[in-house]
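Working notes for the structure below.
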Protein chains: 2
Amino acid sequence: MKYDHDIPYKIYLKESEMPTAWYNVRADMKQKPAPLRNPATGAPCTFEDLRPVFCDELIRQELDNDDRLIPIPDEIRQFYRMYRPSPLVRAYCLEEQLGTPAKIYYKFEGNNTSGSHKLNSAIAQAYYAKQQGLKGVTTETGAGQWGTALSMACSYFGLDCKVFMVKCSYEQKPFRREVMRTYGASVTPSPSETTQVGRKILAAHPGTTGSLGCAISEAVETAVSTPGCRYVLGSVLSQVLLHQSIIGQETKAALDQYGIKPDIIIGCAGGGSNLGGLISPFMGEKLRGEADYRFIAVEPASCPSLTRGVFAYDFCDTGHVCPLAKMYTLGSEFIPSANHAGGLRYHGMSSILSELYHQGLMEARAVEQTRVFEAAEQFARVEGILPAPESSHAIRVAIDEALRCKETGEAKTIVFGLTGTGYFDLVAYQKFNDGQMTDHIPTDEELQASFALLPKVPGQK
Amino acid sequence: MKYDHDIPYKIYLKESEMPTAWYNVRADMKQKPAPLRNPATGAPCTFEDLRPVFCDELIRQELDNDDRLIPIPDEIRQFYRMYRPSPLVRAYCLEEQLGTPAKIYYKFEGNNTSGSHKLNSAIAQAYYAKQQGLKGVTTETGAGQWGTALSMACSYFGLDCKVFMVKCSYEQKPFRREVMRTYGASVTPSPSETTQVGRKILAAHPGTTGSLGCAISEAVETAVSTPGCRYVLGSVLSQVLLHQSIIGQETKAALDQYGIKPDIIIGCAGGGSNLGGLISPFMGEKLRGEADYRFIAVEPASCPSLTRGVFAYDFCDTGHVCPLAKMYTLGSEFIPSANHAGGLRYHGMSSILSELYHQGLMEARAVEQTRVFEAAEQFARVEGILPAPESSHAIRVAIDEALRCKETGEAKTIVFGLTGTGYFDLVAYQKFNDGQMTDHIPTDEELQASFALLPKVPGQK
């Protein structure tokens, strides 16, 4: 094995070397992401528009395009020290198995009980809610990673946490639910009888197993109708990318210590929280003309918002209660095929990443899930970590790029984000192990029908 | 919070500082553990007695009382670098919540996909099997941690891995099974039709859900009847404690770097693999008169081998096919109450630990599972790690000792072993969250009935 004694398997920053500020990539973008718009008026959202739903400080972060570095409050840094820095791992064993001259690194965010990077933003959002004197927060969860992360964060700060969990997940993933309960969260299957919107949907569709869009609507309704309560969201929003920039900040600091310059940086992309966080400081260098990198967003072929969506204002949620965002979108009514196993099911993409992609600063690639699980299993067997299906999208493309290097003989340096572990996704692994996993790619007709439902917004065709 | 800037939350050794040898505590014991005995003759086991069942080099390690340091082969050290060093964590948040002057540290072994420390010995045993030119190994698994660890190790070295999984676990823990399959292991519910002993038990008890003893017997039968195959075991044996000494070696190196001297070292104890591994180098200092420590073994009140067992030769397995070992035992027919949720269900205890306990060099404490899960939940909420039920036995006593310090005002340094994560134990957490967990302590009559079945061994009453 080509073990380089100068570069350990795992690079850990010392606690004293951990980043003390988040990096706001919008500060370095010449063309800023388009503003959120009020769905009722079509006008850009103001602070006051958003106040009934979101925490004050988080709205400020959402609307702030200009401050490059946002200091991380001490209390959040203290929590970060509990599970961070996360390791930057040199994939020596994977490299050897592939026989590639490429050097592969991954930033592993799964070593915490939420099992993913989501905790980085959950603790920040819970902190600002606590600072504002709120009593609690609401949210929705599909696969369950965000709900788990938020439960952990709220438990730490003594906040009430109410999670609306898509009913089919609630029933199929009782263990995820139980982790949230262990952290003191209340978990309600959605749709529920506890909200107007839930009762309405149950009356219309008595047997429904729920959807993320419906769970969002229930969480927002509960937040605005409960005194001292706000709604929080785990991806898509610019504030979330800001908090997740801790991933990229640490990655860059670790690489810099060893004088390593990546050629390609790869991340899976659903709403964009992990990818945006990972690439932000590197993208900043590119935007400022200080360095050049290739960035690759990897999305499921069954939910291909960047590679096959349109760049337009759309609803962030199926219930159409949240602001409009300009983004690459498949239409807010789009739901990926039921056979899609991993997460990354969001119909749109972070406005920041959408704008960067639109400007040609980032590439995107869609991959089919059977090839994703092949990569997941290959990775698990040599690197000793059972990856989350979401993360395995990035693994797939990292392996593809490393094999390309094998053909060309180039010793490129590839960095990818390993967002989490697959311990709660074993139903999908079982399907794969049993040879029963299939792929589904939406047809052009399906997408066109979904695009036809995009909202009318001033200046948008 | 009393955050001491000189001592980070997590102490990681550098890869260059990782131990290069296992430490064999038997070398420093004046009174050695009693030898294994042949169940047929009652005579001490020879190398040749054990050869049909175990790998050659592992038998040598089992029988070796004298070599203090056993170099860790390069291939094993390479694998260790994939998931080790494990962090030694300062439990700042737990200390704050308890309001104790005590300083609490834990050595966390759960950051690998097997979810526990078991991988430390699994990779060693797989390596020696590979070195011997064997094709594969068999084993049994109950809760599933050992089976998962062995699957990962065998996958790495390209060995066949056949796991007999106690049938009720096989059915109740499909996710554990699926991880093993993902690592290429064959997993058979036990009792099965694939062995003589399995068929015999199924004929006698058609509806049986299996037991660890039966699974061991099936695994041993399969090993001795399959060319190029041997049986491996994840606890109890002295070779396993040797491999697990990596835990203690790392812990000691990390503490030494910061000049920290523990007062109390605590570990959960089932067969003894984690506790033995954690305390070995510290016990060595105590045996050599170089330092003094309190050691506390924590066991379930429902399976109290040290605190209520007898010190005698007994069968290691219910099927009575393995050698006899002198140990604290509840009798090989003893099965803990069905309401017992965590692992640590073994009827006996490592001969090394039994001898150390018998000599008064170590204490033992039995705790009830409802108090164990209370500690688990308290720990999870402030330290951010959902602990395995087994590990939570150690947490319970660490908290109890820290609270005692609060009463006395002593700032003792407590180190405990956090053996793993509870991601596959959420059925038990659910029972606890729902208030349906109960305790069961065996009666003296039950234990006496079990002791009456101890084997007749020369020199034993």
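The values are calculated or read from the model by the stated rules, or taken from the named source; none is laboratory data. These figures come from a predicted structure and were not determined experimentally. Cβ: placed from backbone, ideal geometry, glycine included. Neighbour counts: every protein chain shown. These accessible areas exclude ligands, DNA and RNA; they are computed on the full protein's heavy atoms, side chains included. Shrake-Rupley method; radii C 1.70, N 1.55, O 1.52, S 1.80 Å.
Identify, from the list B:Ser192, B:Ser211, the residue that is open to solvent by less than 20 Å² (accessible area, probe 1.4 Å) and of a type in the set (Gly, Ala, Ser).
On the way: B:Ser211 fails: open to solvent by less than 20 Å² (accessible area, probe 1.4 Å).
Going through B:Ser192, B:Ser211 in turn, just one is open to solvent by less than 20 Å² (accessible area, probe 1.4 Å) and of a type in the set (Gly, Ala, Ser): B:Ser192.
Yes/no per residue for (1) surrounded by fewer than 23 Cβ atoms within 10 Å (Cβ to Cβ); (2) modelled with pLDDT under 95:
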{"residue": "B:Gly343", "(1), (2)": "no, yes"}
{"residue": "B:Ser354", "(1), (2)": "no, no"}
{"residue": "B:Gly360", "(1), (2)": "yes, no"}
{"residue": "B:Arg404", "(1), (2)": "yes, no"}
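Looking only at residues in the range B:165-178 that are closer than 22 Å to B:Asn112 by Cα and away from every other protein chain (no Cβ under 14 Å), the one that is least open to solvent (accessible area, probe 1.4 Å) is B:Met165. Give the residues of the range B:95-140 that are part of a strand (DSSP E or B), away from chain A (no Cβ under 14 Å) and under 16 Å from the mean Cα position of the chain (by Cα), sorted by residue number. Listed by number, the residues that qualify are B:Lys107, B:Thr139, B:Glu140. Tell me yes or no: at least one residue of the range A:57-68 is within 14 Å of another protein chain (Cβ to nearest Cβ), assigned to a loop (DSSP other than H, G, I, E, B), of a type in the set (Lys, Arg) and within 23 Å of A:Val415 (Cβ to Cβ). Checking the range A:57-68: not a single residue is within 14 Å of another protein chain (Cβ to nearest Cβ), assigned to a loop (DSSP other than H, G, I, E, B), of a type in the set (Lys, Arg) and within 23 Å of A:Val415 (Cβ to Cβ). Where helices (runs of 4 or more DSSP H) sit wholly within the range A:175-257, those with at least 1 residues that are in the same structural domain as A:Tyr83 (by TED's automatic domain parsing) and of a type outside the set (A, V, I, L, M) occupy A:238-257.
The residues of the range A:179-224 that are within 29 Å of A:Asn120 (Cα to Cα) and either within 14 Å of chain B (Cβ to nearest Cβ) or free of Cβ contacts under 8 Å to residues at least 24 places away in the same chain (or both), listed by number, are A:Val179, A:Met180, A:Arg181, A:Thr182, A:Tyr183, A:Gly184, A:Ala185, A:Ser186, A:Val187.
Among the strands (runs of 3 or more DSSP E) confined to the range B:260-359, the ones with at least 2 residues that are among the hydroxyl-bearing types (Ser, Thr, Tyr) are located at B:324-329.
Mind checking which residues of the range B:313-331 are open to solvent by 10 Å² or more (accessible area, probe 1.4 Å) and not aromatic (Phe, Trp, Tyr)? The answer is B:Cys316, B:Thr318, B:Gly319, B:His320, B:Val321, B:Cys322, B:Pro323, B:Lys326. Quick check: anything in the range A:123-131 at pLDDT 95 or above and farther than 21 Å from A:Ser273 by Cα? For the range A:123-131, residues at pLDDT 95 or above and farther than 21 Å from A:Ser273 by Cα: present.
Please enumerate the residues belonging to the range B:237-256 that are open to solvent by 10 Å² or more (accessible area, probe 1.4 Å) and touching a strand residue (DSSP E or B) at 6+ places or on another chain (Cβ under 7 Å). Walk me through how you get there before you give the answer.
Taking the range B:237-256 and keeping what is open to solvent by 10 Å² or more (accessible area, probe 1.4 Å), we get B:237-238, B:249, B:252-253, B:256.
Within the range B:237-256, B:Gln249 is the sole residue that qualifies.
The requirement of being at pLDDT 95 or above and farther than 19 Å from A:Ser391 by Cβ is satisfied by A:Leu447. Quick check: is even one residue across the range A:112-125 open to solvent by less than 10 Å² (accessible area, probe 1.4 Å), among the aliphatic types (A, V, I, L, M) and touching a Lys or Arg at 6+ places or on another chain (Cβ under 7 Å)? No, because not a single residue in the range A:112-125 is open to solvent by less than 10 Å² (accessible area, probe 1.4 Å), among the aliphatic types (A, V, I, L, M) and touching a Lys or Arg at 6+ places or on another chain (Cβ under 7 Å). Only one entry in A:Ala325, A:Ala364, A:Ala341 is more than 25 Å from A:Glu445 (Cβ to Cβ) and under 17 Å from the mean Cα position of the chain (by Cα), namely A:Ala325.
Being crowded, with 17+ Cβ neighbours inside 10 Å, among the basic types (Lys, Arg) and within 14 Å of chain A (Cβ to nearest Cβ) is a property that does not hold for B:Lys412. Could you tell me whether the range A:74-82 includes any residue that is within 30 Å of B:Val89 (Cα to Cα), in contact (Cβ under 8 Å) with a residue 12 or more places away in the chain, assigned to a loop (DSSP other than H, G, I, E, B) and within 14 Å of chain B (Cβ to nearest Cβ)? For the range A:74-82, residues within 30 Å of B:Val89 (Cα to Cα), in contact (Cβ under 8 Å) with a residue 12 or more places away in the chain, assigned to a loop (DSSP other than H, G, I, E, B) and within 14 Å of chain B (Cβ to nearest Cβ): absent. When the range B:343-376 is filtered for residues that are of a type in the set (D, E, K, R) and either within 22 Å of B:Ser169 (Cα to Cα) or in contact (Cβ under 8 Å) with a residue 60 or more places away in the chain (or both), the ones remaining, listed by number, are B:Arg345, B:Glu355, B:Glu363, B:Arg365, B:Glu368. Among all positions in the range A:146-158, there is at least one residue which is open to solvent by less than 10 Å² (accessible area, probe 1.4 Å), in a helix (DSSP H, G or I), more than 23 Å from B:Phe424 (Cβ to Cβ) and in contact with a helix residue (DSSP H, G or I) (Cβ under 9 Å, 6 or more places away or on another chain). Selection of the range B:278-300 for residues being of a type in the set (Gly, Ala, Ser) and open to solvent by less than 10 Å² (accessible area, probe 1.4 Å) yields B:Ser280, B:Gly284, B:Ala297. One residue stands out among those in the range A:415-433 that are part of a loop (DSSP other than H, G, I, E, B) and either not hydrophobic (A, V, I, L, M, F, W, C) or not assigned by TED's automatic domain parsing to the domain that holds A:Glu383 (or both): the one that is surrounded by the most Cβ atoms within 10 Å (Cβ to Cβ), which is A:Thr419.
Condition check ((1) assigned by TED's automatic domain parsing to the domain that holds A:Val415; (2) loosely packed, with under 15 Cβ neighbours inside 10 Å) across all residues:
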site: A:Ala40; (1), (2): no, yes
site: A:Pro44; (1), (2): no, yes
site: A:Phe54; (1), (2): no, no
site: A:Ser86; (1), (2): yes, no
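Given the criteria at pLDDT 95 or above and either closer than 29 Å to B:Ile104 by Cα or surrounded by 15 or more Cβ atoms within 10 Å (Cβ to Cβ) (or both), does B:Ile7 qualify? So B:Ile7 fails the test. Comparison of B:Gln436, B:Gln448 shows that the only residue that is assigned to a helix (DSSP H, G or I) and open to solvent by 20 Å² or more (accessible area, probe 1.4 Å) is B:Gln448.
From the list A:Ser235, A:Ser245, A:Ser273, which residue is farther than 30 Å from A:Pro442 by Cβ, touching a Leu at 6+ places or on another chain (Cβ under 9 Å) and of a type outside the set (A, V, I, L, M, F, W, C)? Answer to the selection: A:Ser245.
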